[in-house]
Amino acid sequence: MLNIENLKCGFGKHEILHGINLTIPKGQITAIVGQSGCGKTTFLKTLNRMVEEEGGYLSGTITLEGTDIKSLPKEKLRRRIGMVFQQPIAFPHSIEKNLSYVLKYHGVRNKKEIAEKITESLQKAKLYDEVKDQLKKSALKLSGGQKQRLAIARSLCAGPEILLLDEPCSALDMKNTIAIEETLLELKDQYTFVIVTHNLAQAKRIADQVIFMDQGKVLEVTEKEQFFANPASEPAKEQIQYM
Ligand SMILES: Nc1ncnc2c1ncn2[C@@H]1O[C@H](COP(=O)(O)OP(=O)(O)OP(=O)(O)O)[C@@H](O)[C@H]1O
Ligand SMILES: [Mg+2]
């Protein structure tokens, strides 16, 4: 469980997140929705402390299973909280190496174990059947949707507890979007997912909990059914009306 108390964040004099309090429950899919520029990506980047690397500041408390994330070394934190970005990153190496690199970084040395974990992560990300005969081929040859699933497989190789996904489907067609949604639904008992999405219909399909943000504030943290049936805030009502 991730607990966030009075989280503020900004760049220079410009405060972007104005005191966020919420809990992200384990083993669920939490969707973060809200208009462009409201601070969704910035919020995700506070959770793995990327925001500080980009020159931002943050205050307040974020605890992961009771441990203040500030007390965790960055590599440990990012092993426990992985992130998948909107534009999938495939490194200019073979599909296999894109994954074995992460495994080796995390201390997996045994070749058989590496091969097993590669298969497992590709299966979890629903990419295995499409690439099993071309693991030695360049990952750059994959389609956008396949690269996004490879990015998910790579994150899973680190053995995270939580996976943050920033608009993972915005550049994908329906078939690839559905593959990713199915992946998240099938794996949510093993991981905790936090997905930023512009697409309210996607949040309705897959989320358990919805966080609605507006201008750097969290206006609602609610169960999905409650959010879509009866949103509490005017900005959320307005957005839902256009679904
Ligand atoms: N590195 C940065 N330096 C300065 N300002 C930043 C930085 N990153 C984000 N911001 C500002 O923070 C605000 C929130 O941006 P953020 O990217 O978090 O929004 P978002 O909700 O993810 O938007 P979108 O839906 O368009 O991706 C914006 O006003 C943006 O200009
Ligand atoms: Mg964003």
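Any read-out appearing in this document is the output of simple, stated calculations on the displayed coordinates, not a laboratory observation. In this text the structure is predicted, and so the values were computed from the model without any measurement. Ideal geometry is used to build each Cβ from the backbone, glycine not excepted, and the neighbour counts take in all protein chains shown.
Structure summary
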{"item": "Cα-based reach from LYS147 at 17 Å (exclusive), listing lysines while leaving out same-chain residues under 8 positions away", "result": "LYS97, LYS124, LYS126, LYS132, LYS136, LYS137, LYS175"}
{"item": "Selection of trypsin sites (Lys or Arg not before Pro), segment 47-120, meeting DSSP coil and at most 13 other Cβ within 10 Å", "result": "ARG109"}
{"item": "Under DSSP loop assignment and at most 12 Cβ neighbours within 10 Å, longest GluC sites (Glu not before Pro)-free interval of the chain", "result": "66-243"}
{"item": "Anchor LYS13: lysines whose Cα lies under 27 Å away (excluding residues fewer than 8 positions away in-chain)", "result": "LYS40, LYS45, LYS70, LYS74, LYS217"}
